[in-house]
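Structure first, commentary second.
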Amino acid sequence: MEQETFTDKEYSFRKKKTKREEFLEMMDEIIPWDEWEGAWNTE
């Protein structure tokens with residue numbers, strides 16, 4: 001039996017990104033949400 005390294009442990013807790021998570025990350029890069037949100041909140 002091979003001993004696990006710290007790196008192996010760290011990666012074992014990571015989950016694969018879903019298509020939705022990938023899409024939302026891409027949209028966050030494209031659209032400046034803070035500016036959009038500020039345009040609609042006119043208080």
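The values are calculated or read from the model by the stated rules, or taken from the named source; none is laboratory data. This structure is a prediction, so every number in the text was calculated from the model and none was measured. Every residue, glycine among them, receives a Cβ derived from its backbone with ideal geometry; neighbour counts consider all protein chains shown. Heavy atoms of the whole protein, side chains included, go into the accessibility calculation; ligands, DNA and RNA do not. Shrake-Rupley method; radii C 1.70, N 1.55, O 1.52, S 1.80 Å.
So what's the net charge close to residue 8: Lys and Arg +1, Asp and Glu -1, counting the other residues with Cβ under 14 Å from its Cβ?
-1
Over the chain, what percent of the accessible surface lies on carbon and sulfur atoms, probe 1.4 Å?
On the chain, the fraction of accessible area on carbon and sulfur atoms equals 56 percent.
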